[in-house]
Amino acid sequence: MNKAYVYRKHLKYIKRFLLPTMLIFAVVLIIASIAAEAYGLLILALFFVFYFFLMNRFYKKLVTTKYMLTDEGIYYEDYKKQFTILYDDIKFIDSRSIRYTGGWLVIHSTTNKPLRLTVVVNGIGEFVENLKTKLDEMEKNDIYNEKKLNNFFKTSYFSDQSFERNRYYFPRYSIVLVSHIVVGILFSAFDFQIISMTVIGSLLLGLVPYIYVELYKYTKAIKKESNHGISWEVVPYDKDLARKRLRNVFYIQIGLLVLAVILGAVIQIFA
């Protein structure tokens, strides 16, 4: 049971690259505002510096946070502290979720401050399932609301699987996005405004198949429930099927771009 649950890797990239970039931008802004004697801009730059240090501390905590379910309790660790909440010391568990969007789990105990986990923790669905199993073995199922915990459990599993799908899909969507931007700018530069407009339309329309796959096909699979409305079983994640569906979405989006150019050209000719 001693598996470590940590926040997803993209938070490390934000801390390593995005936040330093923001600090460099702020420093350049400070220098430019002083040189131009634009003191309103200087205040904005100083705010960015303050915001950087605030967010840097926040992300430092997230990327060093680790949760573990041991035989005795829930182990927590970050860059400043570490402690264990014994299962016997848990008073109650509160869970809130916006179905298939986000949520958090708060563990209240007699010995520590409330411990909060969000759906951004990698494997959070498995964590909730294992925690519930342990509490049920100890006959402590009165410390959580099963319906609320079940809703969070399903949202957590959806979050875990959605992250895996999007990690595969977003590099391909970047190709779609860049292609639309390049084609749109190119035709706009040659004053083919109608084609540019149809290209923008195809970019927006191309979101429909992605939304259909992500927010219909997979939420439908996740929310399978038993007759009394609560089920702790989820459909196993099929990586090959997910990638096949997302490849089809990618091909549809590229096809829409081609059709948009053809349609725009026809309208441009006869306009």
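Points worth noting:
- With respect to the conditions (1) modelled with pLDDT of 85 or more; (2) under 19 Å from the mean Cα position of the chain (by Cα); (3) not polar (S, T, N, Q), Val178 falls short on a single one, namely (2).
- Among the residues of the range 98-131, not one is over 21 Å from Leu11 (Cα atoms), under 14 Å from the mean Cα position of the chain (by Cα) and among the polar types (S, T, N, Q).
- Residue check for Thr155: among the hydroxyl-bearing types (Ser, Thr, Tyr), outside any loop (DSSP other than H, G, I, E, B) and either exposed (fewer than 13 other Cβ atoms within 10 Å of the Cβ) or touching a residue at least 12 places away in the same chain (Cβ under 8 Å) (or both): yes
- Within the range 128-152, tally of residues that are acidic (Asp, Glu), touching a residue at least 40 places away in the same chain (Cβ under 8 Å) and over 29 Å from Lys244 (Cβ atoms): 1
- Tally of residues being closer than 18 Å to Ile267 by Cα and in contact with a helix residue (DSSP H, G or I) (Cβ under 7 Å, 6 or more places away or on another chain) across the range 169-193: 5
- Filtered residues of the range 95-114 (kept if assigned to a loop (DSSP other than H, G, I, E, B) and closer than 23 Å to Asn151 by Cβ): Arg99, Tyr100, Thr101, Pro114
- Note on the range 172-219: residues that are outside any helix (DSSP H, G or I) and either touching a residue at least 40 places away in the same chain (Cβ under 8 Å) or surrounded by 20 or more Cβ atoms within 10 Å (Cβ to Cβ) (or both) amount to 2.
- The set of residues in the range 248-271 that are touching a residue at least 60 places away in the same chain (Cβ under 8 Å) and either of a type in the set (Lys, Arg) or part of a helix (DSSP H, G or I) (or both) comprises Val249, Phe250, Gln253, Ile254, Leu257, Ala260, Val261, Leu263, Gly264, Ala265, Ile267, Gln268.
- Subset of the range 117-152 (residues that are part of a helix (DSSP H, G or I) and among the basic types (Lys, Arg)): Lys132, Lys134, Lys147, Lys148
Residues are listed down the side, and each one gets a yes or a no for (1) of a type in the set (Lys, Arg); (2) buried (at least 16 other Cβ atoms within 10 Å of the Cβ); (3) in contact (Cβ under 8 Å) with a residue 60 or more places away in the chain:
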position	(1), (2), (3)
Leu54	no, no, no
Phe58	no, no, no
Val63	no, yes, no
Thr70	no, no, yes
Lys81	yes, no, no
Ile90	no, yes, no
Ile93	no, yes, no
Arg96	yes, no, no
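- Residue within the range 220-239 that is modelled with pLDDT of 80 or more and in a helix (DSSP H, G or I) present: yes
The values are calculated or read from the model by the stated rules, or taken from the named source; none is laboratory data. The shown structure was predicted, so the numbers you read here are calculated from the model rather than taken from an experiment. A quick note on method: Cβ atoms are made from the backbone with ideal geometry, for glycine too, and the neighbour counts reach across all protein chains shown.
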